[in-house]
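Working notes for the structure below.
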Amino acid sequence: MAAAQGKRTLLLVEDEVIIALAEKMSLEKYGYTVISVYTGEEAIAATEDTYKIDLILMDIDLGKGIDGTETAKMILESHDLPVVFVSSHTEQEIVEKTEKITSYGYVVKNSSITVLDASIKMAFKLFEARKSISQSELKQKTMIANISDVIGILGVDGIMKYASPNVEKWFGWLPEDLVGTDGWLTIHPDDLERIKKVFRVLLGEDNASTMVEYRYVCKDGACRTIELTATNLVNDPVLGGVLLNYHDITGRKQVEENLRTHQIELQMQNDELRDKQADIEALRLRYFDLYDMAPVAYVSLDVTGLIKGANLTAANLLGVTRHDLEKISFSKFIDADDQDIYYLLRKRLFDTGGPQHCELRMLRKDGTVFPAYLKAVKVQEETGATVCRVVVVERERNESLEIRKGDPR
């Protein structure tokens, strides 16, 4: 079945069901129609089905069956489709392997949907540009079959002996403008020495042929890039010169330059993505240093008093692992005789919204009692949930409790 008009249909090949579902939902929010398959064999079958697939997002590791690179090769043997590889592999040899199959893009897994969408759009641009080149070349072949390229004969002395009539159509010159004149005059000055060197080598061997590109000066002074094939027929009794066959490739060169530009932009995007991932990793390590290795204990509670998270210092202070702390009531670590102090602390925190603190006795997992100072603040997380952040500082045993039961401040 075809996608809705105006939508692009993507074939997502991902063996991890949860990842595939998440990517499918994200891409559909960006306006794509997404067909998900989980193996290389299913991907091949999908391309042979009635689906109109515009682009393939291909994972490399696809479980026990054929992998993503082999799947892409098999599909591209019979289908002209852009394939963007999406993989956790960042090794150079893996990336180079995919580039030998197709070069529409390589996106590292867990990239943001914005980066993935930009890569997809870039792949479509590259595909359309290459289609344009293919169509242009096909048209050119059809024209050549009916209308010859410009033909010329250059004498060994450098004088033009012949120019075909269609030179006017392509470059503005009349044949009589060129015949009997210096053949080097239509070569751009910056290319002249290079082309003369090519011709000197060519004249050293009878019937030798060579192909060269250079800027051709038109009658109006503009320059067009041409591809010229020259054959040494100087000793031929009929021609007696160098046979020239040339045509304009300016459009093709411009498209090739655009393709190179697109490839550079894609590489810059991938470089930027790697830089951002490195920044994220640096921030994660910094958070670990600042939070987990802090000298005081931090505990986050939900509105019911259940522990949502704690740093390593808090877990060590209470004699438990961080995993064992999650989703249990913080009150279990408060001495029974001081539960009222903790209750009033939380009540005043949520009533006033301002920071509160108190001193009370706490329990470790092994039952050891220790005096502690608590400071609590109410904050709202990015998700909108209200949490209570508590700082716990162990007091020395010989310190007296300055704040008694029922009087949190």
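Brief remarks follow.
- Any hit, region 92-108, residues being exposed (fewer than 14 other Cβ atoms within 10 Å of the Cβ) and assigned to a loop (DSSP other than H, G, I, E, B): no
- Selected residue [assigned by TED's automatic domain parsing to the domain that holds Val156, in a helix (DSSP H, G or I) and charged (D, E, K, R)] from Asp236, Asp190, Asp206: Asp190
- Pairs meeting the criteria (first residue in region 156-181 and without any contact (Cβ under 8 Å) to a residue 60 or more places away in the chain and over 24 Å from Asp206 (Cα atoms), second residue assigned to a loop (DSSP other than H, G, I, E, B) and β-branched (Val, Ile, Thr), beta carbons under 8 Å, at least 6 apart or on different chains) are Asn166/Ile147.
- The listed residue being modelled with pLDDT of 90 or more and either small (Gly, Ala, Ser) or in the same structural domain as Leu374 (by TED's automatic domain parsing) (or both), out of Ala282, Ala314, Ala294, Ala278: Ala314
- Selection from region 182-222 of residues that are more than 50 Å from the chain's Cα centre (by Cα) and either at pLDDT 95 or above or of a type in the set (D, E, K, R) (or both): Asp182, Glu205, Asp206
- Pairs meeting the criteria (first residue in region 317-340 and surrounded by 13 or more Cβ atoms within 10 Å (Cβ to Cβ), second residue of a type in the set (Ser, Thr, Tyr) and assigned to a loop (DSSP other than H, G, I, E, B), beta carbons under 8 Å, at least 6 apart or on different chains) are Gly319/Thr368.
- Residue that is surrounded by the fewest Cβ atoms within 10 Å (Cβ to Cβ) [pool: residues in region 210-263 that are in contact with an Asp or Glu (Cβ under 9 Å, 6 or more places away or on another chain) and among the hydrophobic types (A, V, I, L, M, F, W, C)]: Met211
The values are calculated or read from the model by the stated rules, or taken from the named source; none is laboratory data. The model shown is predicted, which means the values in this text are computed figures rather than measured ones. Using ideal geometry, Cβ is built from the backbone for each residue, glycine included, and neighbour counts are taken over all protein chains shown.
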